[in-house]
Amino acid sequence: SSGGTIKAMQALLELAGGTPPKGVALDGESFADVVLDARPPRASRGWIFSQYAGDRVVRNQRFKLYRTGGFFDVTSDPLEKINLADSKVADVVAARRSLQRVLDGLPADCTLPFKPLSQSAFQLRGER
């Protein structure tokens, strides 16, 4: 995942005594202290983010929220057939709000410097 790559980059920079290039902000935390001190890793943040083509998604172990508003319980509905965006169930509402705060706190979408050419990217855009 890109989050793992960023953490690895931060750790390598820290271990080598370097700093990121000017204008580059790394989002994440270095794990250099774990490498150096053999300490157990810190607790996870409880969510992951991914983006493919224009689709941005944030999820935790149970729920998945799309930038477009789709919200699914991927433990009981792995094929994402039942959109829970309008659910009134308290734990579902709380999870959606929590994941929405994460999405809202992420940097804005950016335009990819290339056109995704995979078949799945074409399917996402409804092209052939």
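The values are calculated or read from the model by the stated rules, or taken from the named source; none is laboratory data. For clarity, every value in this text was computed on a predicted model and none was experimentally measured. Quick reminder, even Gly has a Cβ in these numbers, built from the backbone with ideal geometry, and neighbours come from all protein chains shown. When the accessible area is computed, the model is the full protein with side chains, heavy atoms only, and any ligands, DNA or RNA have been set aside. Shrake-Rupley method; radii C 1.70, N 1.55, O 1.52, S 1.80 Å.
Summary of values
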item	result
Pair V35, K81: separation of 7 Å Cα→Cβ label points (nm)	4.6 nm
Estimated distance in nm for a label pair at R56 and T19, the labels positioned 7 Å out from Cα along Cα-to-Cβ	2.9 nm
T68 paired with A94, simple spin-label distance in nm, labels 7 Å along Cα-to-beta-carbon	3.0 nm
Solvent exposure, largest accessible area first (probe 1.4 Å, DNA, RNA and ligands not counted), of V57, V34	V34, V57
